[in-house]
Amino acid sequence: MNFDFTEEQQLLRKTVRQFVDSEIMPHIARWDAEGGFDPAIWKKLADLGLMGVCIPEKYGGAGMDYNSLAIVCEELERGDTAFRTAVSVHTGLNSMTLMQWGTEEQKLKYLVPQAKGEKIGAFGLTEPGAGSDVAAMDSFAKREGDYYILNGQKTWISLCDIADHFIVFAYTDKSKKHHGITAFIVERTMPGFSSKAIKGKYGIRAGNTGELFFDDLRIPVENRLGEEGEGFKIAMSALDNGRFTVAAGAVGLISACLEASVKYCVERKTFGKPIGEHQLVGQMIAKMEAGYQMSRLLVYRVGELKNKGVRNTRETSLAKWQACDFANKAADDAVQIHGAYGYSDEYPVARYLRNSKAPVIYEGTREIHTIMQADYVLGRREDKPLNKMLPKWPFAE
Ligand SMILES: Cc1cc2nc3c(=O)[nH]c(=O)nc-3n(C[C@H](O)[C@H](O)[C@H](O)COP(=O)(O)OP(=O)(O)OC[C@H]3O[C@@H](n4cnc5c(N)ncnc54)[C@H](O)[C@@H]3O)c2cc1C
């Protein structure tokens with residue numbers, strides 16, 4: 001057991017931290033208020049190799065280990081959840097899914113430009129009538145010769161107006177329920193595709209989230225990901241990677257809450273002393289620190305399991321559930337510590353609180369993860385290795 005970061009990982013953390021401090025922090029309050037960030041950020045993220053950090057070099061990535069992806073997510077979310085969400089869907093939900101399930105041709109065509117940051121990937125699973133209950137989806141893809149004709153709608157899709165490629169899920173045989181869902185790679189430029197942003201979001205306002213519409217969208221058969229009927233399994237395995245990035249980001253959000261709160265504890269005085277000297281304020285700081293340290297351990301343990309090529313659905317679910325709950329509580333306490341000033345946009349903590357809520361909802365709500373953990377402990381659920389696993393790290397040449 002080794003709790004040390006490698007020199008390469010430490011350098012990566014320093015690089016992302018500097019990037020966040022210089023390129024995100026000075027602008028984020030405005031981007032959050034305006035509802036979008038400068039698109040030039042994408043190129044800067046790509047130039048630093050952050051769009052494919054744990055993708056093998058032969059597929060255009062940086063070839064680093066899975067915990068390096070966690071470091072990137074942790075540091076980006078210290079800046080704002082919108083940037084970590086972008087990496088979660090681009091790398092965690094899309095590129096890593098292509099890496100795990102794609103054919104060599106699909107990897108060369110879609111993964112390589114995504115890992116280099118030349119193209120952006122996203123993930124469309126949720127529908128208006130199907131969130132936690134994935135199998136309630138309505139989207140349907142009918143095979144016609146060398147094409148599938150896809151009709152349906154997705155909602156709450158991160159990067160809906162920005163991504164070039166989407167992994168989407170639709171029924172190809174409704175009678176088979178979960179086993180009748182199939183995954184497809186869809187390009188924005190395919191006729192029949194359109195998207196529309198959702199306005200008036202509570203948090204992650206600098207990020208783009210919205211709907212996808214498929215109107216007789218013709219998908220070539222070679223864009224089917226995996227076999228017909230493997231879609232549900234592929235979606236759940238994608239979530240093992242997405243949830244890992246969400247959990248890592250939550251660690252970064254807690255560290256941002258600590259940073260802001262510790263500073264304010266020293267600056268603000270009541271009853272003749274800095275507020276940090278009041279025991280009840282100190283208690284909130286102590287709980288933040290406990291959440292931070294515990295979440296970190298859970299996250300980096302999952303990264304190690306991924307490095308070893310071991311299935312980690314159970315550990316990932318626990319890390320995601322706990323880290324996001326801790327981050328939500330830490331952000332709530334950070335606002336509390338700032339008193340009325342925390343309730344304004346003069347300090348970043350109100351943004352942290354708004355941003356901390358979606359991660360408790362997406363990629364499995366708090367309730368879904370609670371049920372999963374109970375099922376594991378009570379012996380109602382057990383995972384076997386999948387027929388295609390994420391490659392171990394170090395990657396084969
Ligand atoms: C900002 C944001 C970005 C998102 N990005 C994406 C994306 O990129 N791609 C994508 O596919 N989706 C995305 N989502 C959608 C997200 O994954 C879903 O919102 C989530 O899965 C929950 O589904 P739902 O909102 O339909 O809630 P529902 O499933 O309708 O749940 C409503 C409530 O009922 C509870 N509940 C449901 N079933 C049970 C049960 N069996 N037992 C106990 N309680 C239950 C839930 O926990 C929740 O509290 C995003 C959402 C947000 C907010």
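Looking at (1) closer than 17 Å to Lys306 by Cβ; (2) away from the ligand (no atom under 12 Å from the Cβ), which is the only condition Leu93 fails?
It fails just one condition, (2).
For the range 238-246, does any single residue satisfy the condition of being in contact with a Pro (Cβ under 9 Å, 6 or more places away or on another chain) and in contact (Cβ under 8 Å) with a residue 60 or more places away in the chain? Steps first, please.
Quick first cut of the range 238-246, residues in contact with a Pro (Cβ under 9 Å, 6 or more places away or on another chain) only: 246.
Retained after the next criterion (residues that are in contact (Cβ under 8 Å) with a residue 60 or more places away in the chain): 246.
Among the residues of the range 238-246, at least one is in contact with a Pro (Cβ under 9 Å, 6 or more places away or on another chain) and in contact (Cβ under 8 Å) with a residue 60 or more places away in the chain, which makes the answer yes.
Here are the criteria: (1) under 26 Å from Lys388 (Cα atoms); (2) in contact (Cβ under 8 Å) with a residue 40 or more places away in the chain; (3) open to solvent by 30 Å² or more (accessible area, probe 1.4 Å). Tell me which single one Ile162 does not satisfy.
(1)
Only one of these is open to solvent by less than 10 Å² (accessible area, probe 1.4 Å), at negative phi, modelled with pLDDT of 95 or more and part of a helix (DSSP H, G or I): Val266, Val246. Name it.
Being open to solvent by less than 10 Å² (accessible area, probe 1.4 Å), at negative phi, modelled with pLDDT of 95 or more and part of a helix (DSSP H, G or I) holds for just one of Val266, Val246, which is Val246.
State whether the residues of the range 292-304 include one that is surrounded by fewer than 24 Cβ atoms within 10 Å (Cβ to Cβ), within 30 Å of Gln106 (Cα to Cα) and within 16 Å of the ligand (Cβ to nearest atom).
no
What tally of residues in the range 238-260 results from selecting those that are away from the ligand (no atom under 14 Å from the Cβ) and closer than 16 Å to Phe123 by Cα?
2
In the set Gly152, Gly145, Gly129, which member is without any contact (Cβ under 8 Å) to a residue 24 or more places away in the chain and at positive phi?
The conditions single out Gly145.
Restricted to the range 117-141, and to residues that are within 18 Å of Leu98 (Cβ to Cβ) and touching a Gly at 6+ places or on another chain (Cβ under 8 Å), which residue is farthest from the ligand (Cβ to nearest atom)?
Gly117
Mind listing whichever residues of the range 1-21 are of a type outside the set (D, E, K, R) and within 23 Å of the chain's Cα centre (by Cα)?
Matches in the range 1-21: Phe5, Gln9, Gln10, Leu11, Leu12, Thr15, Val16, Gln18, Phe19, Val20.
Out of the strands (runs of 3 or more DSSP E) lying entirely within the range 142-199, which hold 1 or more residues that are within 17 Å of Thr97 (Cα to Cα), among the small types (Gly, Ala, Ser) and within 16 Å of the ligand (Cβ to nearest atom)?
147-158, 165-171, 181-187
With the condition kept exactly as written, say whether any residue in the range 314-321 is within 27 Å of Asp332 (Cα to Cα), crowded, with 20+ Cβ neighbours inside 10 Å, within 14 Å of the ligand (Cβ to nearest atom) and of a type in the set (Lys, Arg).
Yes: one or more hits.
The values are calculated or read from the model by the stated rules, or taken from the named source; none is laboratory data. The structure presented is a predicted model; accordingly, all values stated were derived computationally and were not measured. Using ideal geometry, Cβ is built from the backbone for each residue, glycine included, and neighbour counts are taken over all protein chains shown. Just so you know, the surface numbers come from the protein's heavy atoms only, side chains and all, with ligands and any DNA or RNA stripped out. Shrake-Rupley method; radii C 1.70, N 1.55, O 1.52, S 1.80 Å.
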